[in-house]
1. Just flag the chymotrypsin sites (Phe, Trp or Tyr not before Pro) in region 6-88 sitting in loop per DSSP whose Cβ has no more than 10 other Cβ atoms within 10 Å.
2. Quickly work out the THR50-to-ALA85 label distance, labels modelled 7 Å from Cα along the C-beta direction, and quote it in nm with one decimal.
3. Which residues make up the longest stretch of the chain that has no GluC sites (Glu not before Pro) in a DSSP loop with at most 16 other Cβ atoms within 10 Å?
4. For THR10 and ASP66 in the same chain, what is the full-extension length gain: residue separation times 0.36 nm, less their Cα-Cα distance, in nm?
5. Output the relative contact order of the chain, whole-number percent, from Cα pairs under 8 angstrom with separation of 6+ residues.
6. Taking H placed 1.01 Å from N in the peptide plane, check which residues at least 5 places from ASP88 or on another chain put their amide H under 5 Å from its amide H.
7. Carbon and sulfur together cover what percent of the accessible area of the chain at a 1.4 Å probe radius?
8. Rounded, prolate or oblate: which fits region 1-95 when a ≥ b ≥ c are the square roots of the eigenvalues of the alpha-carbon gyration tensor, with rounded for a/c under 1.5 and prolate only if a/b beats b/c?
Amino acid sequence: MTSATAHDYTWIRSSPLFRHALETGYTLTLVRGVAPGDVLRVMEAEPQGTCTGVDALIERQEELLDATDYWDESFISGAFTVPGASGDWTNVLHFDGGVGMRPRFLEALSAGGRAVVHSSNAGKPIHLFHWYEDGELRTTFEWPTVRDGSTPDALNSVMREVGFDLSDDEGDTGARVDTKAAVLALAERLTGVRVTEELLRDADYHVGHLSEEPAEEWTGIVIDITDAHGERLRKEVTREAVEAAVGRRSTTR
C-alpha cells in the first residue's frame, strides 16, 4: 500500500483538466486485472476505436452532445492500462455529467478482484466514492462520516491517514482537508495507482460509446403528504389503478 495523502493531490485545484471534470461531471474508475477492451465490453460499450490524449477524448464527448439537440445519459468512455498494486489496472475515464459507473458493471468488473470509483456530477456537486471487492460493494460514501456498504468502517484507519476528519464534529473550526484530494489519495491507497494530470492527459485511450440506460417499467406511485396540521396521508397506488382511473376519466368526457 502506498503512503499517499491528500497533499499529493493538491494539483487538482490548479489543473484545467480537473476543473473541466468538475464542471462537466466525471467518473474515474480503476479496475484490477481486466484489460481495457474487456472493461468496455462488460460496460456494454460500442467500440469507437482509440484516441491519444484526454483532449481527444473530451472532443469525442462533445461531438456526441452536439449530435443531438437534447441531453440524454449516453456518454463516451476512455480506458487505458496503468501499472499498480498486484499487477496491471485499467483506468476508465468519462465526462458523463454525473451518470457514473453502473453498479451491475462494477459488480461484474470486480468479481475476483477490485474496483475503485470516484465521481462528481455537474451543477450542485455530489461527490461519490465506491470500493468494490469480489463483486461486493464494500464501502461507499458521499460525505466521509456517513458511509454505507457491507463493510462501511473497513477503511476508517486509512481514511484518517490520507487526511479525512471522521470525528463528525460540526463545531470544529480547524483546517479542513480537501475532501476531493483525499478521495484520490484513498483510491491510490487501494490500487497503487498514482493519478496525475500527465497520466490522464497523454494516455492512449480505448474508446467506447455507452447508450442511455433504458428506463425501468414503473409499477406504481406513492403519495406521501403532510398537511399544515401535521396530518399525514400515505398511500400506495398501483399502475393498474392509475391506468384504470385515467381510462374512466377519458370515457366520461
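1. Those that pass, being in a loop and sparsely packed, are TYR70, TRP71.
2. Taking the simple label geometry, ALA85 and THR50 are separated by 2.9 nm.
3. Counting only loop sites that pass the neighbour cut-off, the longest clear stretch is 74-141.
4. Using 0.36 nm per residue and subtracting the Cα-Cα distance, I get 16.9 nm.
5. 27 percent
6. Excluding prolines and chain starts, which carry no amide H, the hits are GLY33.
7. The C+S portion of the solvent-accessible surface of the chain is 50 percent.
8. Cα axes put region 1-95 in the oblate bin.
The values are calculated or read from the model by the stated rules, or taken from the named source; none is laboratory data. All values derive from a computational prediction rather than experimental measurement. Neighbour counts run over all protein chains shown; Cβ positions are idealised from the backbone, glycine included. Heads up: the accessible areas ignore ligands, DNA and RNA and are worked out on the full protein's heavy atoms, side chains in. Shrake-Rupley method; radii C 1.70, N 1.55, O 1.52, S 1.80 Å.
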